[in-house]
Amino acid sequence: MRRRLPSDDSSDGSEYTESNADGSVTSDTDLTDNETCSNEDGKQGEEVEDQAWLFADKNHPPEHYTSMLETFDEREYTKEDYKESSTHLLDRIEDQWNQCWTYLGRTDLRSHATVSLLDQRQGKGGRKRQGIKFASSLGTYWKVYRLVYERATSLKLDGKMNRSMHKVLRKLAKKHGLKKIGRDKACMYVEDLTRVLETNLVTTEKRYSHGRYRIQTQVYLQLGGFTANRPKALLSLCYRHVQVTLLRDPEGGPHRVLLELTFEFTKENTFPIPEVIYDETLTFSPHVFLLGMLFHDGAFAAYNLTSPEELSRLSIPPERNELPLRLNRKLDDIPVFRMAERTPEGWVISKDKPLPDSTLRPWIKSLREITRFAQITRPYSLRYAGGKAFNENNNISLSYHEAMQNLIIGHANIRTFLKHYLSRRVTVDTQAVVQGIQPQDALMRAACTMSRSIDARRPRSLTPEQSASVNDDPIVRSLLAQREQLKRSLGTRHSRYQALNRKINQTRQRLRHALLQEIKERWEYEQPVRDVEQQLAGIEAKDVAAAAMSCGAMLPAQKALVDAVLTQPGTSLEEEVNRRNRAIRAVMDYCGIEEGGIHLSRLKQSKGHVVPLVTREEELQRKVDKELEAAKVSVYKEKRPRICFVCLGNEKLPTAERTHSFHTPGDLSKHFMRRHLANIDIEHKMHWQRHAHEVHGTVSLRAA
């Protein structure tokens, strides 16, 4: 029997090697063939150089090769290769295994010779674990441990042991009352994604530290929806993975900008995304946002291709069908999605540090809350919805459909999608199917989207009164009493006092989180009941949607971005190109501003009253100039000012944050130390403190 052996990645697939049943090897390439060994295209020298390692070097004695043979570790080449995240998961499970036997005082059983499950309630440092809530989590732990066992022993667990353990898992789930239904695999359909993208553009309720973060979030959501890729595959995108091409339209239309994105996370897939002319909204256009980022970074190899207007002047010669727009090779390993770093002057985008997944996830959650979705939204919601869209697509032939879906999603077969990705919510009108009537597709679609749950009244955070109520908890009151005793006996700088203070803050945070969850769950049940009772009683409902959305003034750059992206399609090709160019230019400008990360309504308050918003541009500019001038006088004239001179000089910050007046000069000192001194080199810190004190009257405790 002959089986095909895996070929080298560099092979073009035209040649392969097979092994016969007797162990002999058959190759499609005849090593005695003159054609094979000829100097074709001048490559013979390269091939000989590449094959030099096959032959012994006479300069090395036999002992050299004997030593290599003795030190060769076969396990390094037979073990499975895992991604960093998977290796981290395996290490965590192995660490729990070791902690278990260390706690029991049986370190002799740490060699995986004994397999059992124990109820562990504490982790490292005695920290309390969240615990397991779902029966499926037990199965996940068991699957990961099997990989840990295989990695440690190079052996697979016995099948009988595996079957017996599943019985144990079912018994444990029943004993501890674990839920059998896992978390809902909520899909973010295109209707829901539209809402989230628009929210990300227009909201002032969410402030990013840097403007590029808002643009990167937009591109991430777009690509996640179009490619259904894994979250970390999107974040791993570098400039070498991006190809921009001006492509001729075979149907005679205008030339299109084609984006080709190659993802190398687990399997290498390339997604071509053509430009859409006369698109109803540019909110979904990765061409606008990604090109804006490329132009802002000066990423094109052609030194004079620096703006969308110059892109519009390019054409394709008659004898060709494309014009590649190469990117600078110096940027090959630079991530497209990069993190921001804090400097003494403010926030700047790192030149080479990738944006962590842990930073992005809270943004997605925050946008879901601002949009007022009831369902939990996570990056994988885009992948679930994309996989479902590919699965339902009718533009692909049935014989080709499954293979193409597996290629796009990155699965070996369809079983992975059916078991782990497909939502448990049935999206087919089964009633119409059984009765043989016309399905209500639009209604069924609306019933399955996240957008059906939007309610501007849904609570997002605690009120000041609710937040302060946690101080009445007996645990917090006891800790506060202990802190007061330590303050009198040891002082506030003692390590015991500071440790207790951290514990109080952590306890308060935990109680506030639990209180907010309780309020949300109670609201989800009680509010619809109140709505029904009020309607039947003839009480008119209040419209709170407008009040919920108007939370503060947009920055001028954000307003320009929103106006450019949400503008209507042009009536002619020239108007449409100008529309695209204006949007790209707005994205370029926004990638260079600093939002500040603090909401304006938190900065401009006077006795609980928010300063009213100014609508006319002239009055707004006049007010801005007046505030800046007053702030400068305060910084240079007052002995102990309450305005930060560093923030005031940072023109990238919003005016409200530049002119923010702290409650006391001591509060300004704390701000100066935390935001500015903490991000400066030690050799310049003393000079910075002396300048702040002698010139601007800002005293830092460290300089005192």
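The values are calculated or read from the model by the stated rules, or taken from the named source; none is laboratory data. Since this is a predicted model, take the numbers as computed values, not measurements. Cβ: placed from backbone, ideal geometry, glycine included. Neighbour counts: every protein chain shown. What goes into the accessible areas is simple: the full protein's heavy atoms, side chains included, and nothing from ligands, DNA or RNA. Shrake-Rupley method; radii C 1.70, N 1.55, O 1.52, S 1.80 Å.
Some notes on this structure:
- With a Förster radius of 45 Å applied to the C-beta separation of D249 and K559, the computed FRET efficiency comes to 0.85.
- The 1.4 Å probe gives accessible areas that order F134, F662, largest first, as F134, F662.
- Among V288, V276, the sequence by solvent-accessible area, most first, with a 1.4 Å probe is V276, V288.
- Using the Karplus relation 6.51 cos²θ - 1.76 cosθ + 1.60 with θ = phi - 60°, the per-residue 3J(HN,Hα) values for region 246-251 come to 8, 10, 6, 7, x, 8 Hz, with x marking Gly and Pro.
- 3J(HN,Hα) along region 361-376: 4, x, 5, 4, 5, 5, 5, 5, 5, 5, 5, 6, 6, 7, 6, 6 Hz, from the Karplus curve 6.51 cos²θ - 1.76 cosθ + 1.60 with θ = phi - 60°, whole Hz, x for Gly and Pro.
- Taking a sphere under 14 Å around the Cβ of L247 and counting the other residues whose Cβ falls inside, with K and R at +1 and D and E at -1, yields a net charge of -2.
- When restricted to Cα atoms, region 464-564 yields an Rg and a Dmax of 22.3, 63 Å, respectively.
- Translational diffusion coefficient of region 620-696 (Stokes-Einstein, Kirkwood radius from Cα pairs, 25 °C, 0.890 mPa s): 188 µm²/s.
- Rounded accessible area of I437 (nearest 10 Å², 1.4 Å probe): 90 Å²
- In region 620-696, the portion of solvent-accessible area held by carbon and sulfur atoms comes to 53 percent [1.4 Å probe, whole percent, DNA, RNA and ligands not counted].
- Here the spin labels are modelled as points 7 Å beyond Cα on the Cα-Cβ line, and at A468 and M444 they lie 5.4 nm apart.
- The largest accessible area among Y497, Y303 belongs to the first residue in Y303, Y497, and the rest follow in falling order (1.4 Å probe, all chains).
- Taking a Cβ cut-off of under 14 Å around F284, the surrounding Lys, Arg, Asp and Glu residues balance to a net charge of -4, with basic ones at +1 and acidic ones at -1.
- Net charge of the neighbourhood of L258, taken over other residues with C-beta under 13 Å away and scored Lys/Arg +1, Asp/Glu -1, is -2.
- For region 188-290, size of Cβ-based charge dipole, Lys and Arg +1, Asp and Glu -1, in debye: 540 debye
- For the pair N162 and I680, label points projected 7 Å from Cα toward Cβ lie 6.1 nm apart.
- Cα-projected label distance for K626 with L516, points at 7 Å along beta-carbon direction, nm: 3.7 nm
- Amide H contacts of M339: S350, K353, L355, each under 5 Å away and 5 or more positions distant or on a separate chain (H built 1.01 Å from N in the peptide plane; Pro and chain starts excluded).
- Rounded accessible area of C448 (nearest 10 Å², 1.4 Å probe): 20 Å²
- Taking each of K179/K542; K206/K232; K365/K652; K156/K419; K503/K637; K351/K503 in turn, the alpha-carbon distance tops 30 angstrom for K179/K542; K503/K637; K351/K503.
- The HN-Hα couplings worked out from phi for region 432-445 by the Karplus form 6.51 cos²θ - 1.76 cosθ + 1.60 (θ = phi - 60°) are 5, 5, 5, 7, x, 10, 5, x, 8, 4, 5, 5, 5, 4 Hz, whole numbers, x standing for Gly and Pro.
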